[in-house]
Amino acid sequence: MINADNQFIDIVGLKIGWSPEPIRPIRRAFETPFTDMWVRCQREGAIRRSAHPRDAIDMAGSVRNGERRLQMLTMVVAGFCTGAVDAEALVHDMVVSGKLKARTSF
């Protein structure tokens, strides 16, 4: 979350660094396979050794501009992927396949 989320955080009663109870099972179900995939991609040379999966999640989660969403996500992907991955093509393919919406209002 970013500073602009402070009002939301206060209203919902979230504590920074703590997951609300209903989110924990979903987070556990996501994080283990995601981390396993991340490590496999690092071993295959697609993701930089210095890149951490939590950083990618945090940076992708900070994308708030619906007008520039694709460009911003492409920059995030290009930042953690090695030169072996064409970040622009990857994001484009995700949009074409329907796995990523081209424009979202936040």
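A short reminder: the numbers here are calculations on the coordinates, not readings from a lab. Just so you know, these numbers come straight off a predicted model, no measurement behind them. For neighbour counting, all protein chains shown are included, and Cβ atoms are generated from backbone atoms with ideal geometry for every residue, glycine included.
Stokes-Einstein diffusion for the range 19-105, with the hydrodynamic radius set to the Kirkwood value over Cα pairs and evaluated at 10 °C in a medium of 1.306 mPa s, equals 113 µm²/s. Applying the criteria of a DSSP loop state and at most 16 other Cβ atoms within 10 Å to the trypsin sites (Lys or Arg not before Pro) of the range 43-106 yields R48, R49, R64, R68, K99, K101, R103. Taking amide H as placed 1.01 Å from N in the peptide plane, I47 has its amide H under 5 Å from the amide H of Q42, T82, each at least 5 places away in sequence or on another chain.
Rounded to whole numbers, the Karplus 3J(HN,Hα) couplings from phi for the range 38-45 are 4, 4, 4, 5, 5, 4, 7, x Hz, using 6.51 cos²θ - 1.76 cosθ + 1.60 with θ = phi - 60°, and x at Gly and Pro.
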